[in-house]
Structure formats: structure tokens, C-alpha cells
Amino acid sequence: MTAVLKTPRKIIPIVSEPSQDEFVSLYEKQQKIYPRSISGYFNNWRWVMIWITQIVFYGVPWLQWGQRQAFLLDIDTHRFYIGGLVLYPQDLIYLVVILVISALALFLFTAVAGRLWCGFSCPQSVYTAIFLWIENKVEGDRATRIRLDSGKLGAKKIYKKTLKHAIWIAFSMWTGFTFLGYFAPIRDLSDNIMQLSLGPWESFWICFYGFATYGNAGFLREQVCKYMCPYARFQSAMFDKDTLIVAYDAERGEPRRGRSRKVEPKAEGLGDCIECSMCVQVCPVGIDIRDGLQYECISCGLCVDACDSIMDKMEYPRGLIRFSTQNGVSNHWSQHEIVQKILRPRVLIYTGILLALCIGFAVSLGMRTPFKVDVIRDRGVMSRLVPGGNIENVYRLQITNATELAQSYRISISGLEGLSIASNKEFMVDGASTRMVAVSLQIEDGTLKSGTHPIKFGIEALGTDQRVDEKSIFYMPR
């Protein structure tokens, strides 16, 4: 193919070679991250939080409250047990309020301390750290793992990979079993597993949650934080320049270059950063904190530990990478000055709303009547004339006893003069049970005009001052 380029002076021929097909990938291949192990203050705290969260997660389902599991969201019986509290589907509002309180608490914590939740307590970060620890114990340190993955397939590689994945899968299945133990009695599940009589749905959910743990913590890892977690995307709406973040002090660290310990950085016009890349090697999401604040950063503090260890070796002051705020770094604030900025309008608003919700939730829960009543009219016969010249309406009262002890109840009726209860007025409901009771109401024929008339059932728990009133109607035929 020949093209010509015209100029005022002459014609220059441009000859191009025939092009060959070239494959261009529109997506960059995901490079595997090999986080380096590091010890230090924040890593120690991270493992403290990992131990606490895992002891709580794996231990709570085994706690007993009387003759039952202390914490159980029982799907089969539609009852939620939280300590001595028994909630029913009608109490869904309480679970919604708990979720709202949790979300607001996360917003408040994020506005003050950034993504510390992600780095120290988030299940994805916690299980990734556990899986990395297992990987490190089985396959070796960072350099050894890189060599193992890039080396040829052999007996040693097969053995280590098989052992690692076997431990991962076993741990994941245990996690799936524990997770299901929050929704079905865990002791029954354990017995069923030992007897090989686990049902299909129980098996499905144990495997589903187990392999979700295996995939997320073993393979996806930082990709969940980067691409799947919505929290990383909307955190900018909760951040400001006084939010605590992991920050690199560029003014102190730049220009950066490698050097020996004997070199005086100021004399050479250098910053304190020696370009060792340790902060990048230890980062579980593989970012370079020296590039500034990034949404991928989970504030785990491992880069702070790594940088401080290098500063100690170089005999430089610590804090080149540290937990601070954008205003704190740019204005050279002390820790005291940074703390003083915590009580700002955004934080006060979040705190006020959170306190109001918590107080309202506690008051509502404290005033909650421990039994519920639903009044259902008999739809077969709206009304009928019974021997004795009375008009009768039949109702069904569904009584739910939300306590765990048997309770006796008494029914009363009001709203119409002369209306009486022609059935049993007292009955008992077992603890944490529901009972349907038939109630017959009668009134003398001719005392009311035809049509519907409002009435009110009163149900009181005997031996207590608890009472529930429910409205209904009495139908008088023509």
C-alpha cells in the first residue's frame, strides 16, 4: 500500500509494510499478589482482632441458654432466640432497627477512623489473613512461594499444593457448618453429621458457604475488596480531610532513592524513603501507599509496620508512613491536634442519630409485651341465631406466647352493651408457642340494628400487668 504526503516543495512517498494480525487484550491480566509476612504493632493488633472475631463466631452457636441454644435464628420454627429474648416474624422491625444501627455505627466509625473495620475485623480480610498464614506455613515465605509457583510441576509442588488446599477446604467446611449453626440447632447438626444423616438443604448450605469462604479467601482475596465490596465505592462520601487514614509523608520522604545507611539524606538532597518497596510487598491488596490515598487501601497498617522497621534499621525517625489525616500530614499536626478534630459536625450528627436509635430501640424492647394476639373472624358463618334467642359471632384468637414459660390468659370483651363471651374465657399457652382459641360472642337478638359494630378484645396475662387490646367487629344480620 502506498500513500503520498504533499508538501509545498515536493512529493514524499510513504510505503508501509503489510500489517500482520495482532492480538490486543482489552483487559489486563490479574497478577497474583504475594504479601510478605511482617511483624509489628499493627500486625499484632490485627491478629488480636482475628482471634477475638473467630472465637466469637465459632463459639457463640455452642452457648446454651437453659435447654436451648442461646443465639439461634431458627428458620424451621420461625423463632429468633437471642439470649432470653424470643422474637417472631412479627418482630421483624427489631431486626431491621438492628441492621440500621449497625450501618450507622459503621458510618460513624468510618468518618472517624476510616477503613479500620476493613483491615482488622471484616470477614473477608480476616479469612484472607488466616488463609495466607496457612499458605505461609505450608509453602514457605514470599520468595519461596513465588519460586514454587513459577517452577516446574513436581512431587514437592504437588504435595505442598495438595496439603494447602486440603487444609483450606477443611477449614472452609468447618466455617460453613458453624454458619449454618446460627440458623439450625448446631448440636443437632453435629449429631446428624456424625450419623451421616444430614438433610439435603443442610448439606447444600454448608457446602455453599464453605466453598464461598474457600473461593473468596483462597483465590479472590483482594479482588473482593477492590471490585466486589460496595463499601470501598461509597466510602468517599464518608471521608473528609480529618478522617484517619494510612498516609505517606511525601514532604519528608521525597525524593526517594536507595542508599546505604552511612549516607546523610539531607546532604544528598534525598528524602527518608529508600525505595525498598517493603510497604508494597506487605500490602494485602498490592497497592503503593506512596501514590496517595486510594480506595483499595483497607487501613490494615502493615505498611506502617514495614516502614517503621526499615526506618529503625536506617536509624531514621519513625512515622514516614503512619496513621494520620490529610490535614494532619499537610499541616504537621501532632496526635493531640488530630484527636481534637474528631468532634466535627459530621461525627456529631452520626452520633446523635445513632444514640437516638439505640435509646428508642432499648425503650421499645423494654416496653414490648411478651405475647401477641391476632383476631380472625370465622369466615364460614358471619353470624347465626342460637337457641335462647341470641345472635352469635365466632372468632379465632391466635395467641403467641413470646416467653419461654407457660402462661395463662384471660379474655374480656367491650364495645357493646349486653355483649358476652359464651365460650371459655381462660386458657393456657406453652412457652414459645402459638395457640389458636375459638371464642364465641353472643348478644340478645333485636338489641342492635343490622350491620357491623366495633368491639374490642382484651387479653391479659394472669399474674402480670400485661394486657393486649385488639379491635374487631360484631356482625348483626338483618
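Coordinate-derived values only; no laboratory data. Computed from a prediction, not measured in an experiment: that's the story for all the values here. Backbone-built Cβ (ideal geometry, glycine too); neighbour counts: all protein chains shown.
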- Query: How would you rank 162-168, 379-385, highest first, on the average number of other Cβ atoms within 10 Å across their residues?
  - Reply: 162-168, 379-385
- Message: Please state the shape class of the range 30-368: rounded when a/c is under 1.5, otherwise prolate if a/b exceeds b/c and oblate if not, all from the C-alpha gyration tensor.
- Response: oblate
- Query: Spin-label point model (7 Å from Cα, Cβ direction): what's the Tyr231 to Glu251 distance in nm?
  - Reply: 3.2
- Message: Using 0.36 nm times the number of residues separating Gln223 and Glu315, minus their current alpha carbon distance, what extension gain do you get?
- Response: 29.5 nm
- Note on the structure: Residue separation between Ser440 and Thr77 times 0.36 nm, minus their alpha-carbon distance, gives in nm 127.7 nm
- Percent breakdown of C-alpha pair distances by 10 Å bin, ordered from the shortest bin, for the range 371-476: 15, 47, 27, 10, 1
- Going by C-beta contacts inside 10 Å, put Cys358, Cys307 in order with the fewest on the left. Cys358, Cys307
- Potential extension, Leu357-Gln466 segment - 0.36 nm per residue separation minus Cα distance: 36.7 nm
- Filtered hits (lysines, Cα-Cα < 25 Å from Lys449, offset >= 8 within chain) -> Lys471
- Message: Positive end of the dipole of the chain, charges at C-beta (+1 Lys, Arg; -1 Asp, Glu), about the Cα centre: which of Val56, Phe183, Val285 has its Cα farthest in that direction?
- Response: Val285
- the chain - percent relative contact order, Cα under 8 Å, separation 6 or more: 13
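Can you compute the charge dipole magnitude of the chain about its Cα centre, using +1 on each Lys and Arg Cβ and -1 on each Asp and Glu Cβ, nothing else charged? Give it in debye, rounded to the nearest 20.
1380
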- Any aspartates and glutamates whose Cα falls less than 17 Å from that of Lys341, other than same-chain ones fewer than 8 residues away, would be Asp240, Asp242
- Query: Can you flag which of Lys160/Lys226; Lys32/Lys156; Lys137/Lys164 are past 19 Å Cα-Cα?
  - Reply: Lys160/Lys226; Lys32/Lys156
- Message: Please compute the contact order of the range 390-478 in relative form: average sequence separation of alpha-carbon pairs under 8 Å and at least six residues apart, divided by the residue count, as a percent.
- Response: 34
- Note on the structure: Any lysines whose Cα falls less than 22 Å from that of Lys262, other than same-chain ones fewer than 8 residues away, would be Lys313
- Query: Hey, can you list the DSSP H helices of the chain whose Cα span along the axis is 15 Å or longer and whose average Kyte-Doolittle score is at least 0.0?
  - Reply: 41-59, 92-113, 123-139, 155-180, 200-215, 302-314, 345-366
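Sort 74-81, 439-446, 253-260 for me by packing, meaning the mean count of neighbouring Cβ atoms within 10 Å per residue, highest on top.
439-446, 74-81, 253-260
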- Is it possible to state the helix-based mean residue ellipticity at 222 nm for the chain, with each DSSP H run of 4+ residues giving -39500 (n - 2.57), the sum divided by total residues, to the nearest 500 deg cm²/dmol? What is it? -12000 deg cm²/dmol
- Positive-pole candidate from Ile75, Ala103, Cys307, dipole of the chain, charges at beta carbon: Cys307
